[in-house]
Structure formats: structure tokens, C-alpha cells
Amino acid sequence: NAPQPALRLISRYAALYPDVNIDFALYDWTTAMELLQNQQTDIAIVTDPSKQADWHYIPVGRAKYVLYLRNDHPFAMRNAIALRELVPETLLLPETGSLTQRIVTGALKKHGLTIRRIVKVTSFPVMKEAILEGLGVGIFLENSAQKDRQLSEVRILELTREHETSVVVPNYKLDLRLTQSFLRVL
């Protein structure tokens, strides 16, 4: 569920092992956890993965949630923003089941806030394009997308917690040569 860290790691791996075929898929947090639980994936790169005794974790990064918006938006020049200031905005969020959707919905509920309009999108790349088209503003982890000169990131006062992204491998797959070759890239 962490496309940027995953793609950076996969790119390094593919450069070192050009003959290995890689199947990469982007899933929401809930689905990623289910795939691991049901032993349907070899390696997952997940933000805030649930903890299981039979999984091996290697942290690869930490990030906070930020507001992504076009540079011509009135909030773009701000250093930080409060969630209450987003109430009249159109807010873009990833689909139900995503970690971002759960974190943001929980924060809004905690502060008794209701956003005027929420648009759910299927992925962060789609969210980025929607923001560039002027559909609204989006909340996702800092550095979740390639930098774009047309977009700004603004800190959100209520979302200060750092979220850890980890490579997660089921323990029974740790000794596989393929798994070990990927872990060496880390």
C-alpha cells in the first residue's frame, strides 16, 4: 500500500536482478493485510502494518500526513493548516479500506468535523492528477508522490504522528533465495 517506497525498492532490485520477473500490485491497507494473512504474497511494503508473530518486519521509512494542493490554492503558501479549515473544501481521499481514509476519518470524527464534500479515488496517482485538475485538495503521506512543481505540501496540525513503512515478509518465506535477494537490496 506504499507505492513510492515500493517502487524505489523494486527499481533498485530490478537493476541488480534484471532476469527476475516482478509482479507488483497496489492495494489498500486492508487488502494488503489480508493478502499477507492469507499467505498470498511473498513480500509486502506497507505503512503501519499490523503486527503478527509470524511476520518479519524491516522499517524503510517514516512520514506524516500532509495536505496536497495546487500552488494556486489560497492555502498553498501556508506552513500549516487545521482540519477545521478544510470543512468547506472538496477533500480527495483514497478508497474505503485505505490507511489514509481510516486516519483522516478518525481525526475528523475526533474533532467533530464534517467535510462539505469528500471524493474517493482509487489510488494516490489518480488523487494527484485530480488535484492538478482542480477537483480539490488531498491528504496523504508526505513524499507519497513524485514532486511536482504545480503542487504544494502543507502540514496538518492535528496529524502529527509519524507512520512507519516496513517491508513485511512472512517468516516461512524468509529463507527463500528470492526473498533473501530482495532483502539484500534493503
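The values are calculated or read from the model by the stated rules, or taken from the named source; none is laboratory data. These figures come from a predicted structure and were not determined experimentally. All Cβ positions, even for glycine, are placed from backbone atoms using ideal geometry, and neighbour counts span all protein chains on display. Quick note on the areas: whole protein, heavy atoms, side chains included, nothing else; ligands and nucleic acids left out. Shrake-Rupley method; radii C 1.70, N 1.55, O 1.52, S 1.80 Å.
Any residue at all in the range 100-112 that's within 16 Å of ALA2 (Cβ to Cβ) and in contact with a Ser or Thr (Cβ under 6 Å, 6 or more places away or on another chain)?
No, there is no match, as no residue in the range 100-112 is within 16 Å of ALA2 (Cβ to Cβ) and in contact with a Ser or Thr (Cβ under 6 Å, 6 or more places away or on another chain).
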Report task. Please enumerate the residues belonging to the range 112-163 that are assigned to a loop (DSSP other than H, G, I, E, B), more than 23 Å from GLY61 (Cβ to Cβ) and of a type in the set (Gly, Ala, Ser). Result -> GLY112, GLY134, GLY136
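Could you run through the range 104-135 and say how many residues are at positive phi and touching a strand residue (DSSP E or B) at 6+ places or on another chain (Cβ under 7 Å)?
Final tally of qualifying residues: 1.
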**Report entry** Failed condition for HIS56, given (1) within 16 Å of the chain's Cα centre (by Cα); (2) closer than 20 Å to VAL46 by Cβ; (3) at pLDDT 95 or above
**Finding:** (1)
Requested in this report: Consider only pairs whose beta carbons are under 8 Å apart and that are at least six residues apart or on different chains; among these, list those whose first residue lies in the range 32-43 and is modelled with pLDDT under 95 and of a type in the set (A, V, I, L, M) and whose second residue is open to solvent by less than 30 Å² (accessible area, probe 1.4 Å) and in a helix (DSSP H, G or I).
Outcome: ILE43/LYS173; ILE43/THR179; ILE43/PHE182
Query raised in the report: Taking the condition open to solvent by 20 Å² or more (accessible area, probe 1.4 Å) and under 15 Å from THR31 (Cβ atoms), does ARG117 pass?
Result: no
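Would you be able to tell me the number of residues in the range 6-54 that are in a helix (DSSP H, G or I), within 26 Å of LEU93 (Cβ to Cβ) and open to solvent by 30 Å² or more (accessible area, probe 1.4 Å)?
Here is the first cut: in the range 6-54, the ones in a helix (DSSP H, G or I) are 6-16, 29-37.
Now drop any that are not within 26 Å of LEU93 (Cβ to Cβ), which leaves 6-10, 29-37.
Right, trim to open to solvent by 30 Å² or more (accessible area, probe 1.4 Å) and you get 7-8, 10, 29-31, 34-35, 37.
Counting residues in the range 6-54 that are in a helix (DSSP H, G or I), within 26 Å of LEU93 (Cβ to Cβ) and open to solvent by 30 Å² or more (accessible area, probe 1.4 Å) gives 9.
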Query - Test for SER98: is it hydroxyl-bearing (Ser, Thr, Tyr) and free of Cβ contacts under 8 Å to residues at least 60 places away in the same chain - result: no
**Report entry** Odd one out for VAL169 among (1) crowded, with 19+ Cβ neighbours inside 10 Å; (2) touching a Gly at 6+ places or on another chain (Cβ under 8 Å)
**Finding:** (2)
Query raised in the report: When only residues in the range 134-154 that are open to solvent by 60 Å² or more (accessible area, probe 1.4 Å) and in contact (Cβ under 8 Å) with a residue 40 or more places away in the chain count, which is nearest to GLU85 (Cα to Cα)?
Result: GLU153
Report task. Say whether the condition of being hydroxyl-bearing (Ser, Thr, Tyr) and within 19 Å of ALA44 (Cα to Cα) is met by at least one residue in the range 108-118. Result -> no
